[in-house]
Amino acid sequence: MSVADSVLSAAAAIVAAGRRMDRLGWVPATAGNLSVRLGAEEVAITRSGGHKGFLGAEDVIRVDLAGRALDAGAKPSYETLLHCGVYRRFPGAGAVLHGHSVAATVLSRRAGDAIRLAGYELLKAFPGGPTHETATDLPVLDNDQDIPRLQAALEARWDAAPDAPPGYVIRGHGVYVWGSGMDQAMARLEALEFMLLCHLEEGRHTR
């Protein structure tokens, strides 16, 4: 596949994912960003400021793994650096999704340094166990407008817990999830959002 064809394929996957996330209420206004790895050193990602429910191929730009735009005049989101951090750390990551759901936002505001998810059937969407009889701690990072400092805090968490799930939450902000490609990333995001919503509902009814 040529470079141009790879970019068009990545853009089509990003556009479709953005529309799905919008329908599910996970990317209100201009929130969120979505990306696909193009190769060892390049990433296709949504440009800054676009509504994810109305994306076109022209709203997807190329950046290098340092977050620098490779298309003339393109403006990547500052949070592009967090996508690049995933791709640098995990060579098998092929797509990254970032959304701002109500459940992720509310739960992260109440949580400590992790949200404990246990006993859910959909935990099988993540590495670590073939049944629901497992648990995982979803890392929660304090929000920080200094993205390199936030990335450094995230790297420290990954170093301390190398078996952490392929996702994390920024407090009061939103969730990041990744997978080997867009299909796996979306499946993991849907599974995680379902579990977070269940967790939120349980909290409402046990007070």
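Let me know the shape class of the range 87-207, please: from the alpha-carbon gyration tensor, a ≥ b ≥ c as square roots of the eigenvalues, rounded when a/c is under 1.5, otherwise prolate if a/b is greater than b/c, or oblate. Note, shape of the range 87-207 comes out oblate. Of the GluC sites (Glu not before Pro) found in the range 34-63, those that fall in a DSSP loop while having at most 14 other beta-carbon atoms within 10 Å are GLU41.
Both the radius of gyration and Dmax for the chain are 16.4, 56 Å, in that order, over alpha-carbon atoms.
Taking the 1.4 Å solvent-accessible surface of the chain as the whole, the part contributed by carbon and sulfur is 54%.
What GluC sites (Glu not before Pro) does the range 102-200 have in DSSP loop regions with at most 16 other beta carbons within 10 Å?
Counting only loop positions with at most 16 other Cβ atoms within 10 Å, the GluC sites (Glu not before Pro) in the range 102-200 are GLU133.
Could you state the accessible area per residue of the chain in Å², with a 1.4 Å probe and every protein chain left in place?
In whole numbers, the chain has 47 Å² accessible per residue.
The gain in end-to-end length when the VAL102 to TYR78 segment is fully stretched comes to 6.4 nm, 0.36 nm per residue minus the alpha carbon separation.
Among the chymotrypsin sites (Phe, Trp or Tyr not before Pro) found in the range 48-111, those both in a DSSP coil and sparsely packed, with 15 or fewer other Cβ atoms within 10 Å of their Cβ, are TYR78. Counting Cα-Cα pairs of the range 19-62 in 10 Å increments starting at 0 gives whole-percent bin shares of 30, 51, 18, 1. Working note: 222 nm ellipticity from helices only, DSSP H runs with n ≥ 4, each -39,500 (n - 2.57), summed and divided by the residues of the chain, gives -12500 deg cm²/dmol to the nearest 500.
The values are calculated or read from the model by the stated rules, or taken from the named source; none is laboratory data. Computed from a predicted structure; not experimentally measured. Quick reminder, even Gly has a Cβ in these numbers, built from the backbone with ideal geometry, and neighbours come from all protein chains shown. In case anyone asks, the SASA skips ligands and DNA or RNA and just uses the protein heavy atoms, side chains included. Shrake-Rupley method; radii C 1.70, N 1.55, O 1.52, S 1.80 Å.
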